[in-house]
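Report on one structure; see the data block that follows.
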Amino acid sequence: MSKKLIDLVNVTKVFGDNVVLDDLNLYIRENEFLTLLGPSGCGKTTTLRIIGGFENPDQGKVIFDGQDITKLPPNKRQLNTVFQKYALFTHMTIGENIAFGLKIKKKSRQYIEDKIKYALKLVNLDGFENRMADSLSGGQQQRIAIARAIVNEPKVLLLDEPLGALDLKLRQEMQYELIRLKNELGITFIYVTHDQEEALTMSDTIVVMNQGYIQQIGTPEDIYNEPENAFVADFIGESNILAATMIEDKVVEILGARFPCVDTGFGTHRPVDAVIRPEDVELVEPEQGILPGTVTHLIFKGVHYEMEVMANGFEWLVHSTKLVPVGTKVGIKVDPFNIQIMHKPESEDEEAVPIEE
């Protein structure tokens with residue numbers, strides 16, 4: 001496993017009366033693509049700015065490669081940042097934009113020319129040196145902003161919602177570009193987004209944040225399939241989240257019906273949350289299901305039908321490739337492995353997961 005590169009230790013940040021980060025601990029490994037994911041105001045951009053040196057924590061430390069860099073200014077850190085607003089110099093050519101940081105470092109002319117060619121090749125814009133920045137499309141400008149950051153050979157690239165201003169198709173293309181660049185360059189990417197699909201597509205590790213706390217850290221598969229709490233389950237993809245009762249090990253009562261599950265250790269007759277993904281709800285003949293219901297809504301989404309099924313007062317969200325018309329009486333069935341049981345949190349912003357190395 002690659003070594004730890006960045007360590008945030010007990011980081012707290014307060015703006016006025018607002019605690020944006022509350023005793024945050026997080027480490028990032030070398031060559032990792034780590035995404036900070038969460039709703040607006042959860043503290044993800046503040047975390048990125050503290051790593052970059054644009055904000056100072058009120059408490060805590062930033063350790064970079066074993067050194068305490070908490071007080072080090074951004075230009076002295078071995079990292080570069082790409083923001084949502086690309087901040088290209090419109091009066092300069094693409095080549096001049098890319099060379100800007102290298103000229104400040106007083107690199108030789110030949111070195112700079114070689115680096116410009118190398119960076120443009122990396123972002124698939126060979127031969128664009130003499131074009132003006134404002135003549136490029138949004139996607140091209142984004143690539144130039146990334147090329148400008150790459151030529152400085154940072155150990156870490158910080159990306160703050162860099163694809164937010166692009167349309168869907170371009171955004172998807174750039175996601176693949178970023179994965180390719182990360183693999184080719186072998187540098188660490190720390191990426192901020194509120195877009196769950198973006199996080200699931202690109203990341204090695206996702207850090208889900210809410211109200212200044214880390215809610216869960218894991219691989220995209222872990223975060224999607226094994227959410228730690230209802231917030232994570234609801235934020236990452238669509239979910240049916242139901243108040244339930246753990247009757248005993250491997251038996252949970254949902255909406256008055258007993259479902260077999262695989263979870264153990266929750267005690268007996270304990271209130272829990274049950275999370276079931278829409279694609280894991282099986283619609284069968286009424287007598288074959290555990291819970292009877294009626295299809296109330298139907299939308300065709302291209303790859304699947306999205307249906308709502310009313311059962312015992314709860315509107316279930318169901319994704320299926322099989323069309324079941326509105327008004328059809330159905331039975332609801334769920335594979336025991338597809339029912340995720342979670343402790344009910346004590347409070348809305350309860351920290352869900354201790355950070356383990």
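Table for the structure above
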read-out	value
Residues within region 149-174 that are in a loop (DSSP other than H, G, I, E, B) and surrounded by fewer than 21 Cβ atoms within 10 Å (Cβ to Cβ), tallied	9
Leading residue by the ranking (most open to solvent (accessible area, probe 1.4 Å)) among those in region 97-118 that are in a helix (DSSP H, G or I) and of a type in the set (Gly, Ala, Ser)	Gly101
Hey, Leu72 of a type outside the set (Phe, Trp, Tyr), farther than 23 Å from Lys105 by Cβ and at pLDDT 95 or above or not	no
Top-ranked residue of region 248-269 - restricted to ones that are part of a loop (DSSP other than H, G, I, E, B), over 31 Å from the mean Cα position of the chain (by Cα) and without any contact (Cβ under 8 Å) to a residue 24 or more places away in the chain, ranked as farthest from Pro292 (Cα to Cα)	Gly267
Residues of region 255-281 satisfying the condition of being open to solvent by 20 Å² or more (accessible area, probe 1.4 Å) and in contact with a Pro (Cβ under 6 Å, 6 or more places away or on another chain)	Pro260, Val262
Any hit, region 130-145, residues being surrounded by 21 or more Cβ atoms within 10 Å (Cβ to Cβ), within 16 Å of Phe189 (Cα to Cα) and of a type in the set (A, V, I, L, M)	yes
Every residue from region 56-70 that is of a type in the set (A, V, I, L, M) and either open to solvent by less than 30 Å² (accessible area, probe 1.4 Å) or more than 30 Å from Lys13 (Cβ to Cβ) (or both)	Val62, Ile69
Any hit, region 31-44, residues being in contact with a Ser or Thr (Cβ under 8 Å, 6 or more places away or on another chain), loosely packed, with under 15 Cβ neighbours inside 10 Å and either more than 24 Å from Asn183 (Cα to Cα) or in contact (Cβ under 8 Å) with a residue 60 or more places away in the chain (or both)	no
Some residue of region 185-199 being more than 19 Å from Gly38 (Cα to Cα) and at pLDDT below 90	yes
Residues of region 25-68 classified as hydrophobic (A, V, I, L, M, F, W, C), assigned to a loop (DSSP other than H, G, I, E, B) and in contact with a helix residue (DSSP H, G or I) (Cβ under 8 Å, 6 or more places away or on another chain), total	1
Residues satisfying the stated conditions in region 175-206, i.e. open to solvent by less than 50 Å² (accessible area, probe 1.4 Å), among the polar types (S, T, N, Q) and part of a helix (DSSP H, G or I)	Gln175
Output for region 71-82, where each listed residue is assigned to a loop (DSSP other than H, G, I, E, B) and crowded, with 18+ Cβ neighbours inside 10 Å	Arg77
Candidate set from region 212-238 (those that are assigned to a loop (DSSP other than H, G, I, E, B) and surrounded by fewer than 20 Cβ atoms within 10 Å (Cβ to Cβ)); member that is modelled with the highest pLDDT	Thr219
Scope region 164-195; condition farther than 21 Å from Tyr27 by Cα and under 13 Å from the mean Cα position of the chain (by Cα); matching residues	Gln175, Asp195
Matching residues, region 12-27, being surrounded by 15 or more Cβ atoms within 10 Å (Cβ to Cβ) and closer than 15 Å to Arg49 by Cβ	Thr12, Lys13, Val20, Leu21, Leu24, Leu26
Residue check, Asn152 under 24 Å from Leu5 (Cα atoms) and either among the small types (Gly, Ala, Ser) or without any contact (Cβ under 8 Å) to a residue 12 or more places away in the chain (or both)	no
Residue that is over 30 Å from Ile190 (Cβ atoms), free of Cβ contacts under 8 Å to residues at least 60 places away in the same chain and surrounded by 19 or more Cβ atoms within 10 Å (Cβ to Cβ), where the choices are Val284, Val324, Val295	Val295
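The values are calculated or read from the model by the stated rules, or taken from the named source; none is laboratory data. Predicted model only: the values in this text are computed from it and were never measured. Heads up, the Cβs are rebuilt from the backbone with ideal geometry, glycines too, and the neighbour counts pull from every protein chain shown. Remember, those area values only see protein heavy atoms, side chains included, never the ligands or the DNA or RNA. Shrake-Rupley method; radii C 1.70, N 1.55, O 1.52, S 1.80 Å.
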